[in-house]
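K.L.:
Starting off with a structure, shown below.
The values are calculated or read from the model by the stated rules, or taken from the named source; none is laboratory data. Because the structure is a prediction, the values reported are computed rather than measured. All Cβ positions, even for glycine, are placed from backbone atoms using ideal geometry, and neighbour counts span all protein chains on display. These area figures cover heavy atoms from the full protein model, side chains too; ligands, DNA and RNA do not enter into them. Shrake-Rupley method; radii C 1.70, N 1.55, O 1.52, S 1.80 Å.
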Amino acid sequence: MPAMKSKGIATAAAAVADIPEGASLAVGGFGLCGMPMALIQALYDQGTGGLKIVSNNCGVDGWGLGILLADHRIVRLTSSYVGENKEFERQYLQGEIEVELTPQGTLAERMRAGGMGIPAFYTPAGVGTQVAEGGLPWRYGPNGSVKITSPRKETRAFDGKTYVLEQAIRTDFALVHAARGDTAGNLVFKASASNFNPVCAMAGRTTIAEVEELVEAGEIDPAEVHLPGIFVQRIVHVGQQFAKRIERRTVRKRAAGGGR
């Protein structure tokens with residue numbers, strides 16, 4: 001049996017080199033956990049813009065997708081939570097970026113469906129709200145007026161309960177981060193990084209994975225694989241060159257005298 005061809009790419013810069021202006025990308029990460037920082041930085045360094053991003057969140061000011069946002073490289077964002085990024089808020093309210101806010105579970109399922117070849121699905125999430133009825137502001141004008149709103153979605157009753165039809169998401173590329181991978185593209189995620197990275201990988205027509213540890217094909221126990229290599233076209237070893245940040249550090253004040 002011939003050896004399996006390696007999907008390994010030498011550098012993050014080489015891995016993203018063919019991502020063109022105006023591409024759509026699914027980008028992994030949950031909060032600041034599991035963000036593909038090496039790939040995001042490489043994409044920033046090569047100057048690509050006009051990007052249409054699908055991601056659970058948009059990083060924070062100066063970190064994650066926030067570095068692309070600050071340089072006006074993102075023109076549209078499909079996301080579920082963006083509350084930690086002040087520059088994002090400013091651009092959205094000033095009409096500089098189009099935003100489709102989507103319930104978190106729905107967003108994950110839309111990407112999973114895209115990867116599994118399911119064109120659309122029904123869900124109860126959002127029924128009776130503007131998610132289903134339309135009218136959510138997608139783009140504001142510079143004077144605060146609403147220029148583009150979300151459309152009304154199809155609903156249907158099953159067993160007496162109403163559901164809304166949501167369309168699957170497919171993107172040109174996907175950028176994801178994993179703790180471990182092999183040269184065949186099989187990935188292992190750690191903790192909260194597994195929340196959105198796998199479905200983002202499924203959604204991309206060309207998925208690029210950065211990994212902290214890269215091993216040869218066959219060295220990962222199949223029972224430990226979280227995402228099979230069929231969903232991954234390129235893999236690059238980046239180690240731990242970027243610090244692992246969190247959005248907020250909250251600690252309880254100690255009682256007087258240093259007690260608990």
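K.L.:
Is there a residue in the stretch 227-250 that is assigned to a strand (DSSP E or B), open to solvent by less than 70 Å² (accessible area, probe 1.4 Å), in contact (Cβ under 8 Å) with a residue 24 or more places away in the chain and touching a Lys or Arg at 6+ places or on another chain (Cβ under 9 Å)? Break it down stepwise before answering.
P.N.:
As a first pass, look at the stretch 227-250 and keep what is assigned to a strand (DSSP E or B): 227, 234-237.
Still in the running and open to solvent by less than 70 Å² (accessible area, probe 1.4 Å): 227, 234-236.
After this cut, where a residue has to be in contact (Cβ under 8 Å) with a residue 24 or more places away in the chain as well, the list is 227, 234-236.
Checking the rest, the ones that are also touching a Lys or Arg at 6+ places or on another chain (Cβ under 9 Å) come to 234-235.
Within the stretch 227-250 (the criterion being assigned to a strand (DSSP E or B), open to solvent by less than 70 Å² (accessible area, probe 1.4 Å), in contact (Cβ under 8 Å) with a residue 24 or more places away in the chain and touching a Lys or Arg at 6+ places or on another chain (Cβ under 9 Å)), the answer is yes, since at least one residue qualifies.
K.L.:
Next question, about the same structure. Considering each residue of the stretch 64-81, count those that are open to solvent by 40 Å² or more (accessible area, probe 1.4 Å) and of a type in the set (A, V, I, L, M, F, W, C), and give that number.
P.N.:
Going through the stretch 64-81, the residues open to solvent by 40 Å² or more (accessible area, probe 1.4 Å) turn out to be 70-72, 75-76, 81.
Subsequent filtering for residues that are of a type in the set (A, V, I, L, M, F, W, C) retains 70, 75.
Residues flagged as open to solvent by 40 Å² or more (accessible area, probe 1.4 Å) and of a type in the set (A, V, I, L, M, F, W, C) within the stretch 64-81 amount to 2.
K.L.:
So, Glu84, is that one open to solvent by less than 60 Å² (accessible area, probe 1.4 Å) and acidic (Asp, Glu) or not? Outline the logic, then answer.
P.N.:
Values: open to solvent by less than 60 Å² (accessible area, probe 1.4 Å): yes; acidic (Asp, Glu): yes.
In short, yes.
K.L.:
Have a look at Ser24, Ser6 and point out the one that is within 27 Å of Ala184 (Cβ to Cβ), at pLDDT 95 or above and surrounded by fewer than 23 Cβ atoms within 10 Å (Cβ to Cβ).
P.N.:
Ser24
K.L.:
Is there any pair linking a residue in the stretch 55-66 that is in a strand (DSSP E or B) to one that is hydrophobic (A, V, I, L, M, F, W, C) and open to solvent by 10 Å² or more (accessible area, probe 1.4 Å), with Cβ under 7 Å and at least six apart or on different chains, and which?
P.N.:
Within 7 Å, the pairs are Val60/Leu32; Trp63/Leu32.
K.L.:
Can you give me the number of residues within the stretch 96-139 that are among the aromatic types (Phe, Trp, Tyr) and either free of Cβ contacts under 8 Å to residues at least 40 places away in the same chain or touching a helix residue (DSSP H, G or I) at 6+ places or on another chain (Cβ under 6 Å) (or both)?
P.N.:
1
K.L.:
Based on what the data block shows, is Ala256 part of a loop (DSSP other than H, G, I, E, B), without any contact (Cβ under 8 Å) to a residue 24 or more places away in the chain and more than 19 Å from Gln104 (Cβ to Cβ)?
P.N.:
yes
K.L.:
Inspect the stretch 36-54 for any residue being touching a residue at least 40 places away in the same chain (Cβ under 8 Å), crowded, with 22+ Cβ neighbours inside 10 Å, closer than 23 Å to Ala191 by Cα and within 11 Å of the chain's Cα centre (by Cα) and give the result as yes or no.
P.N.:
Scanning the stretch 36-54 turns up at least one residue that is touching a residue at least 40 places away in the same chain (Cβ under 8 Å), crowded, with 22+ Cβ neighbours inside 10 Å, closer than 23 Å to Ala191 by Cα and within 11 Å of the chain's Cα centre (by Cα).
K.L.:
At least 1 residues that are over 23 Å from Gly59 (Cα atoms) in each: list the helices (runs of 4 or more DSSP H) lying fully within the stretch 81-150 that qualify.
P.N.:
104-116, 130-133
K.L.:
Mind checking which residues of the stretch 203-224 are of a type outside the set (D, E, K, R), touching a helix residue (DSSP H, G or I) at 6+ places or on another chain (Cβ under 9 Å) and surrounded by 24 or more Cβ atoms within 10 Å (Cβ to Cβ)?
P.N.:
Taking the stretch 203-224 and keeping what is of a type outside the set (D, E, K, R), we get 203-204, 206-209, 211, 214-215, 217-218, 220, 222-223.
Those left that are additionally touching a helix residue (DSSP H, G or I) at 6+ places or on another chain (Cβ under 9 Å): 203-204, 207-209, 217.
Across the stretch 203-224, the qualifying residues are Ala203, Gly204, Thr207, Ile208, Ala209.
K.L.:
Return the pair list, or none, for Cβ contacts closer than 9 Å from residues in the stretch 84-95 that are among the basic types (Lys, Arg) to residues that are open to solvent by 40 Å² or more (accessible area, probe 1.4 Å), at least 6 apart or on different chains.
P.N.:
From the stretch 84-95, the pairs are Lys86/Asp61; Arg90/Glu96.
K.L.:
Any residue in the stretch 39-62 that is under 21 Å from Gly239 (Cα atoms) and in contact with a His (Cβ under 9 Å, 6 or more places away or on another chain)?
P.N.:
The answer is yes, given that some residue of the stretch 39-62 is under 21 Å from Gly239 (Cα atoms) and in contact with a His (Cβ under 9 Å, 6 or more places away or on another chain).
K.L.:
Any residue at all in the stretch 180-187 that is within 22 Å of Cys200 (Cβ to Cβ), part of a strand (DSSP E or B), of a type in the set (Asp, Glu) and in contact with a Ser or Thr (Cβ under 6 Å, 6 or more places away or on another chain)? Don't jump to the end; show me each part of the working.
P.N.:
So the first thing to find is which residues in the stretch 180-187 are within 22 Å of Cys200 (Cβ to Cβ), and the list is 180-187.
With part of a strand (DSSP E or B) added as a condition, the list becomes 180-182, 187.
Going one step further and asking which of them are of a type in the set (Asp, Glu), we end up with 182.
Retained after the next criterion (residues that are in contact with a Ser or Thr (Cβ under 6 Å, 6 or more places away or on another chain)): none.
No, the conditions are met nowhere in the stretch 180-187.
K.L.:
Which numbered condition trips up Gly59, out of (1) open to solvent by 10 Å² or more (accessible area, probe 1.4 Å); (2) on the phi > 0 side of the Ramachandran plot?
P.N.:
(1)
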